[in-house]
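The structure appears below as structure tokens.
The values are calculated or read from the model by the stated rules, or taken from the named source; none is laboratory data. Predicted model only: the values in this text are computed from it and were never measured. Backbone-built Cβ (ideal geometry, glycine too); neighbour counts: all protein chains shown. Side chains included, ligands, DNA and RNA excluded: accessible areas come from the protein's heavy atoms. Shrake-Rupley method; radii C 1.70, N 1.55, O 1.52, S 1.80 Å.
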Amino acid sequence: MVSLFYQLLLIAMTAFALPLLSSSSSNTKHFHFNVEWKSVTRLCHRKAVLTVNGEYPGPTIAVHEGDHVRVLVTNRVATNTTIHWHGVRQERTGWADGPAYITQCPIGAGKTYTYNFSVANQRGTLWWHAHFSWQRASVYGAFIIYPRTPFPFSAPLQAHIPLIFGEWWNGDVEVVEKEMMLHGGGPNTSDAYTINGLPGPLYPCSTKDTFIQTVEPGKTYLLRLINAALNDELFFAVANHSLTVVEIDAAYTKPFTSPAIMIAPGQTTTVLLTADQAPVPGDDSKSMFVMAARPYLTSVFPFNNSTTVGFFKYQTSTEIQENSAIPPPFILPNNLPALGDTPFATQFLGSLRSLASDDYPCNVPKTIDKRIVTTVSLNLQDCPLNQTCKGYLNKRFYASMNNQSFVRPSTSILESHYRNLSTGFSTDFPDNPPYVFNYTGVNPVTENMSAEFGTKLFRVPFGTKLEIVLQDTNFLNPENHPVHVHGHNFFIVGRGFGNFDVEKDPKGYNLVDPPERNTVAVPMGGWAAIRLIADNPGVWFVHCHLEEHTSWGLALGFIVENGKEPSQWLLPPPSDLPPC
């Protein structure tokens, strides 16, 4: 458990301090989020940015395992909004999950809503973000759950440091999204990547906007890495330092050392970094070490191929130094993977294993009650008459799962389900692809399937041991898709390239210590199989965490029915649940 001293030390040492929102020592923690505009300048561009409490990135929430959390959100802007607590399982409290029109109607202009939930049996690094439109481009922050018991690794920690990777647009993100959906083309790419909201010296006018973290020689630091980028998987590395992975998506792992990491949007990775280099007092070029993040490229679509950098600055005196130094001349870390380094990404993800100890067992289902195999595809649709379309061949881009392009209804699915209403959705999502073909072998530009549009979910009884196989396809281009499951953690029991073979591939599953996550990176031109126990009653969203793909319909939902006991029932909706 981090001490108060270390929390204060962290604030003093960080160039861009992430404020810890914590209010009392009781088991219920109260917070207040004001969603409001704030004028922010980056890359010589000053613009209004949507924020929480005027902070970009938003405030860090810090609670303890077992706490109850109440967050009063006040919407002070003219557009709707919601907040999602990414990775919090929301046991029986789906009303607090946040995705607009899935578990709640949005919070209207001038309205408030209190998110009310517990963080029982969870610990580690998670995050929160807006879940309406593309608002999470700037509305996001860390959500840290300190454990009740000591960490399962012995290294003494000097400080805990959140590092949130994001994107910056010089233009209006809302306009980027609207233009994409209006004309069916790909979105404009971001102008910079950021570390804790700061782009770093490789971008125009940004030398002063560089994240610099002071560290003490010989000390070990816990880095809480979060990928909040809207549309990009990222590689991250620190020059001359290795990273020891100890946790992913708030689940402990068997520790292993890596020169870099790959982290997809929606994922968190917690690592140990030891300041084991020999700094030279008075020489910043030999006392400051570059940290860098750049995209993992798996798409032929336009993308931002730039790099954000920050620095770890070794403290070379007995006093804590202010982080005001100008970055020295530098080169990027030679351990930072190249843009298209799929072999590294594959090796890194393959090294992740659950701790699977007596204290932290790996409760992966050894058998299953139901398997769903779903393709994950990009699609082209013919341009409607009298419209201009800017997608490939002057058509429109969409996306789908099992050829179903998800359409959000105009009402909350969870509320309709709770009140036994059948409006706005159906429960006939197909268990298998509607057509069997060589999913990863088709020509990406000559082959295509026109998606069907609707709001289709599947329904499972409480306690179902569920397997979902996510199969990438070659339509338009094969791509790494980070798929997030709300309301549940899951185990990645298998991954591979090519087409999933239901007879052969399950024989190679890891059912001993597979990694436990809430967001899985489906391999480019391959598949991933996840298993979970559907023991959280409610309605849950499953979607690609590349925001452009979710907007195009790469999503589905599933209903977990109430169990037999009252403790297995969805709780009633709160009295202040926003109306549609």
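Side notes on the structure shown:
- Identity of the residue in the range 18-58, outside any strand (DSSP E or B) and either open to solvent by less than 40 Å² (accessible area, probe 1.4 Å) or among the acidic types (D, E) (or both), that ends up modelled with the lowest pLDDT: L18
- Complete set of residues in the range 477-491 that are open to solvent by less than 20 Å² (accessible area, probe 1.4 Å) and not charged (D, E, K, R): N477, N480, H481, P482, V483, H484, V485, H486, G487, H488, F490, F491
- Members of the range 503-559 that are under 25 Å from S412 (Cα atoms), open to solvent by less than 10 Å² (accessible area, probe 1.4 Å) and small (G, A, S): A534, G538, G553, A555, G557
- Restricted to the range 411-438, and to residues there that are among the aliphatic types (A, V, I, L, M) and free of Cβ contacts under 8 Å to residues at least 40 places away in the same chain, the residue that is most open to solvent (accessible area, probe 1.4 Å) is V436.
- Subset of the range 278-314 that is in contact with a strand residue (DSSP E or B) (Cβ under 8 Å, 6 or more places away or on another chain) and without any contact (Cβ under 8 Å) to a residue 40 or more places away in the chain - its residue that is least open to solvent (accessible area, probe 1.4 Å): S287
- Residue count for the range 436-473 satisfying the condition of being within 18 Å of F406 (Cα to Cα) and not in a strand (DSSP E or B): 6.
- Restricting the first member to the range 95-116 and to residues that are touching a residue at least 12 places away in the same chain (Cβ under 8 Å), and the second to residues that are among the basic types (K, R) and assigned to a strand (DSSP E or B), the beta-carbon pairs closer than 6 Å and six or more apart or on different chains are T114/R70; N116/R70.
- Of the residues making up the range 542-572, just one is closer than 18 Å to L380 by Cβ and in contact with a Leu (Cβ under 7 Å, 6 or more places away or on another chain), namely C544.
- Residue that is under 30 Å from Y392 (Cβ atoms) and either modelled with pLDDT of 95 or more or not assigned by the TED database to the domain that holds F490 (or both), where the choices are T307, T253, T269, T214: T307
- Looking only at residues in the range 100-117 that are small (G, A, S) and open to solvent by 10 Å² or more (accessible area, probe 1.4 Å), the one that is farthest from Q135 (Cα to Cα) is G110.
- Remark: pairs (first residue in the range 503-526, under 28 Å from D97 (Cα atoms); second residue hydrophobic (A, V, I, L, M, F, W, C) and open to solvent by 50 Å² or more (accessible area, probe 1.4 Å); Cβ separation under 8 Å; 6+ apart in sequence or on different chains) = P523/F497.
- Checked against the criterion of being open to solvent by less than 10 Å² (accessible area, probe 1.4 Å), in contact (Cβ under 8 Å) with a residue 60 or more places away in the chain and touching a helix residue (DSSP H, G or I) at 6+ places or on another chain (Cβ under 7 Å), the range 181-201 has no qualifying residue.
- Selection status of R408, part of a loop (DSSP other than H, G, I, E, B), open to solvent by 20 Å² or more (accessible area, probe 1.4 Å) and of a type in the set (K, R): yes
- Residue count for the range 494-523 under the criterion of being within 29 Å of V88 (Cβ to Cβ) and either in contact with a Leu (Cβ under 6 Å, 6 or more places away or on another chain) or assigned to a loop (DSSP other than H, G, I, E, B) (or both): the result is 10.
- Every residue from the range 448-490 that is small (G, A, S) and closer than 15 Å to W552 by Cα: S450, A451, G454
- Sole residue being touching a helix residue (DSSP H, G or I) at 6+ places or on another chain (Cβ under 7 Å) and either on the phi > 0 side of the Ramachandran plot or in the same structural domain as M262 (by the TED database) (or both), chosen from P327, P333, P337, P343: P337
- Selection count, the range 160-176, where residues are of a type in the set (D, E) and either closer than 17 Å to F236 by Cβ or within 19 Å of the chain's Cα centre (by Cα) (or both): 1
- Here Y221 fulfils each of the conditions (1) open to solvent by less than 10 Å² (accessible area, probe 1.4 Å); (2) in a loop (DSSP other than H, G, I, E, B); (3) of a type in the set (S, T, Y) apart from (2).
- Positions within the range 220-239 being modelled with pLDDT of 95 or more and charged (D, E, K, R), in sequence order: R224, E233
- In the set T388, T375, T367, only one residue is over 16 Å from V445 (Cβ atoms), touching a residue at least 60 places away in the same chain (Cβ under 8 Å) and touching a Pro at 6+ places or on another chain (Cβ under 9 Å); that residue is T375.
- Residues in the range 247-269 that are more than 19 Å from N335 (Cβ to Cβ) and not basic (K, R): E247, I248, D249, A250, A251, Y252, T253, A264, P265, G266, Q267, T268.
- The single condition among (1) open to solvent by less than 40 Å² (accessible area, probe 1.4 Å); (2) of a type outside the set (S, T, N, Q); (3) farther than 27 Å from W168 by Cα that E91 does not satisfy is (1).
- Among the candidates V215, V173, the residue that is without any contact (Cβ under 8 Å) to a residue 60 or more places away in the chain, buried (at least 18 other Cβ atoms within 10 Å of the Cβ) and farther than 30 Å from P573 by Cα is uniquely V173.
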